[in-house]
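Working notes, structure below.
No value in this document is a laboratory result; all are computed from the given coordinates. If you're wondering where the values come from, they're calculated on a predicted model, not measured in any experiment. All Cβ positions, even for glycine, are placed from backbone atoms using ideal geometry, and neighbour counts span all protein chains on display.
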Amino acid sequence: MLIFEHSREGRRAYAQAPRQLAGLADIPESYRRRSPALLPEVSELQVVRHYTRLSQKNFSIDTQAYPLGSCTMKYNPRACNTLAMLPEFLARHPYAPDRFGQGVLACLWELQEILTAVTGMKGVSLAPMAGAQGELAGVAMIRAYHEARGAHERTEIIVPDAAHGTNPATAVMCGYKVREIATATDGDVDMAALKQALGPQTAGIMLTNPSTVGVFERRIEEIARLVHEAGGLLYYDGANLNAILGKARPGDMGFDVIHLNLHKTFSTPHGGGGPGAGALGAGERLHAFMPIPIVAREGEHYRWHTETERPQSIGRLSTFGGNVGVLLRAYVYTRLLGREGMYRVAEFATLNANYLMARLRAAGFQIAYPQRRASHEFIVSLKREAKEIGATAMDFAKRLLDYGFHAPTTYFPLLVAEALLIEPTETETKEELDGFVAAMCRIRDEARADLAFVKGAPYKLPVRRLDEVRAARELNLSWKPSV
Amino acid sequence: MPFIPHTEQDIRDMLSAIGVAEIASLFDEIPASLRSNLPPSVPPQVTEMEITRLLHERARRDAQPLCFIGAGAYDHHIPAAVWELTTRGEFYSAYTPYQAEASQGTLQLAYEYQTMMVGLTGMDVSNASLYDGGSALAEAVLMAVRRNRRSSVRRVLMPTTVHPAYRRVTETIVRNQAIELETVGYESRAGTLNLAALERWSGEDVTALVIQQPNFFGCLEDVNSLVDWAHTQGALVIALVNPIALAVLTPPGQWGQNGADIACGEGQPLGIPLSSGGPYFGFMVCKNAHVRQMPGRIVGKTVDLEGRAGYTLTLQPREQHIRRSKATSNICTNQGLMVTAATLYMSLLGAGGLARVAAACHANTQALLAAVSNIEGVRPAFIGPSFHEAVLQLDAPARSALERMAGAGILGGYDLSQDYPELGHAILVCATEKRTDEDIAAYARAMQGALRVARRA
């Protein structure tokens, strides 16, 4: 039932609005709304009950394990939320003078410093509001760099075929042509393809390391050398930083610009699809082009640096200062981890992934890159199950929901058939991982016995499998009252 | 270690299942030349008790004065239920609803949100949000350029009555796509878009016109004439609106003969705390004809195997994970949690409550104008109808006056002198429904004192 269906004319949450309806006599009729907006008319209890019930129809980290590859669905510590929501932080207007924000600015400045150290870059800007915006900023910086040097012939960005879809979409938004290169059979970049793609037209390359197939790019130093020799720059998509946090740094690998998904490695909540934060780090070549604002410390005083102090900046990405509340959560998390905790994140994320990969392999599932170590994630290919039993990655994914596991990432990366990209994260217990293996085996058994049953999953959720074709064909994007 | 559950026994068992002796072996594919330790600038671990103490100390330092600044972010009352429910783990720690069956809460909520935004704006369809108001405007500009095939240039008219930060964000985001953002000035007495200035473009190829209502100065634009002019030109209209104001002002779907084509704006007024500028959310709504060019997530209603109603992300072929380099935008996350808060807020207020909030903001701002009208050296900058916000011209530098008011515990307004030097010592002021008669009297006293000192200096 929709909130609108609880609505009755004349009902509302009386405590929440001003007691009087003030006059608007000075606003001419021609500017005024003629009929009230279609919004529900409900009591406060109805609202609380309706949305509490809706929340209970969700999977979430707080209620289920989420081995969702490339998404790093780790525990979101409650302290991060509680402390980011202290009333003084929430009450601060973005245009309040810096002197009324020394507390929050100190946190942001320290976060910049911590992320700079963790990534081995020269500096960090916290401006981007999501990973994709961090990417946009990073590639725009590469373009600004080439333009500042008059290198207008550099019109191409190289992207591995395994890359996340945002990479090519971003390159196009920055006015570049995309050149895809193949992945070698061992999961690393195909060096011959790379060499062939590089040239005077190369503006840069976008890479993730560990890559989206879940393995560490072993020849990254050689790749960096080749790209730099060709006059291009290297962009690091930080989606998979959890695997190497404190173990290896993108700056040392030769990357010129990186973005970090703070909602992955640094545990800020996904919130049902945002808000995220896409902190951006830059090395020597690109440092001057970073987006604004950036927090600066002058003695004991903190303030925002904007256009005035950073004339070469690519500019502003948000109306105000980015997703400050998300950044505060990430700051609290980095302090709770500390240096020791960061090493452990990478170690236990990797331990959990390799353990789960070993157990699934032992159970007879096919691993996409069996000769490689898993990073913090790995791919199971269900090609054989699809062919022999008829149960596809989608069928396993939907039936896993019945067993209380959120599905892994399905059909990504695109180059592995019937892919399940699995990332357990460091915060799951061994028992939870064992439970996942047991569920996968049970589903395979069920499919052998009764394929139609598995194809009908899920059974235990608020709805059965949904008709997505119909949703796209007969668009119904908002409720309309029946007349 | 914080948040890591492994016992010594677990570690031994897991390593043995993998077939390695120690965790370090799992990193043996990283070349030795790249293995590093974290520098000492990464601070050591603290406990929750210690970080709690530190953050409380910092928050105390950030105690906020009484706020009379608007300029795109508004200090409204937020019902307690909004964030009590929004931070429930089932909303807070859920992923993007790709697995629709396991995300019916988030998805149904987004469908309700889309319905509310359609109701508020009078447009046909809404997406499930974008990052913030500024970036939403940039996306609307890109969308209009993709959509308006009749226009062979990529020319968007951007009035200076649009929020200056929004214009800068738009420049950053569209800069590399060969789009001309042409500035259009305002009429100096009314503070609204200059129709005569627009005439310069009559008969020219114009892709889109942006109209902010109320505009950055709080002045009301003559939206009906502007929309009709743009449509006669073959240009699309992008409306930039304040959702609270829409409770009492004509919604963009009803502007002019045919309404705006795309509307967008900042969702912060709908239950989102000021929080130094974010996270907020951008909203975007459009006419049916344009939906396939709209960026961002969209939720649709469908049925399950048993014919029960359910909700799912739809029109995904627009998006980057399917279309890659041909996507409408690189956007993948929206601001789901902020939409949760906004949906709760709109449900609690309803159309009647929202209208009361909007009218109270307007009445308070009018009361503020009246309270300062007798102060020597203060006068309103513009004549004509305004809503919720207004520009005051002072006879002393705005910056020092505001600085002194801040010393007296009042954030007196937003200094316009950098972006609008032609207005002289001008500030933008706003009094939301939270400001009382006493607050407004305190404002007038602080302003009087500040000007007296500023004039002497």
Residue-wise HN-Hα coupling along segment A:201-218, computed from phi with Karplus coefficients 6.51, -1.76, 1.60 (Hz; x: Gly, Pro): 8, 6, 8, x, 9, 10, 9, 10, 9, x, 6, 5, 8, x, 10, 6, 6, 6
Among B:SER152, A:ALA224, B:PRO273 the positive-end extreme of the charge dipole of the protein assembly as shown (Cβ point charges): B:SER152
Cα-based equivalent ellipsoid of chain B: semi-axis lengths in Å, sorted from largest, via gyration tensor: 42, 32, 23
Residues of type aspartates and glutamates that B:LYS301 reaches as a straight line, Cα spacing below 18 Å, ignoring anything fewer than 8 places off in the same chain: A:GLU5, A:ASP467, A:GLU468, A:GLU474, B:GLU101, B:GLU112, B:ASP124
Segment B:166-241: radius of gyration and largest Cα-Cα distance (Dmax), Å: 12.6, 36
Dimensionless Rg ratio for segment B:80-344, taking C-alpha atoms and the 2.2 N^0.38 Å reference: 1.00
Hull volume in cubic angstrom per residue (convex hull over the Cα atoms of chain A): 204 Å³
Trypsin sites (Lys or Arg not before Pro) lying in DSSP loop within segment B:268-312, provided at most 15 other Cβ fall within 10 Å: B:ARG308
Check: chain B dipole with +1 on Lys, Arg Cβ and -1 on Asp, Glu Cβ, in debye: 800 debye
Where labels lie 7 Å past Cα in the beta-carbon direction, separation of B:GLU57 and A:GLU29 in nm: 6.3 nm
Computed over segment B:217-355, the ratio Rg/Rh where both radii use C-alpha atoms and Rh is Kirkwood: 1.00
Calculated FRET value between A:ARG99 and A:GLU307, using beta carbons and R₀ = 30 Å, to 0.05: 0.90
Selection from B:GLY218, B:LEU337, B:PRO79 lying farthest towards where the dipole of chain B points positive, charges on Cβ: B:GLY218
Averaged over A:167-177, number of beta-carbon atoms from partner chains that fall within 10 Å: 6
For chain A, the longest site-free run once trypsin sites (Lys or Arg not before Pro) in DSSP loop states with at most 14 other Cβ atoms within 10 Å are removed: A:150-459
Cα centroid separation - segment B:1-24 against segment B:216-285, whole Å: 56 Å
Cα gyration tensor shape for the protein assembly as shown, rounded if a/c is under 1.5, else prolate or oblate: prolate
Set of lysines near A:LYS430 by C-alpha distance (under 22 Å), chain-local residues within fewer than 8 positions excluded: A:LYS74, A:LYS264
Net charge of neighbours whose Cβ lies under 10 Å from the Cβ of A:ALA353, counting Lys and Arg as +1 and Asp and Glu as -1: -2
Computed over chain B: relative contact order in percent, which uses C-alpha pairs under 8 Å that are six or more apart: 20 percent
Amide hydrogen neighbours beyond the local backbone of B:TYR311, cut-off 5 Å, H modeled: B:THR302
Mean separation of Cα contacts under 8 Å, 6 or more apart, over the residue count of chain A: relative contact order %: 18 percent
Spacing of the two label points (7 Å from each Cα toward its C-beta) at B:MET1 and A:LEU45, in nm: 4.9 nm
Nitroxide proxy distance, nm - points 7 Å out along Cα→Cβ at A:ARG384 and B:MET49: 5.3 nm
³J(HN,Hα) computed for each position of segment A:424-438 - Karplus, 6.51 cos²θ - 1.76 cosθ + 1.60, integer Hz, glycine/proline x: x, 6, 6, 8, 8, 7, 4, 4, 5, 5, 4, x, 5, 4, 4
From phi via Karplus (6.51, -1.76, 1.60), per-residue ³J(HN,Hα) for segment B:280-289 in Hz, x at Gly/Pro: 10, 8, x, 10, 8, 9, 8, 6, 3, 4
Hits among lysines - C-alpha to C-alpha of A:LYS383 under 26 Å, sequence gap 8 or more where chains match: A:LYS398, A:LYS455
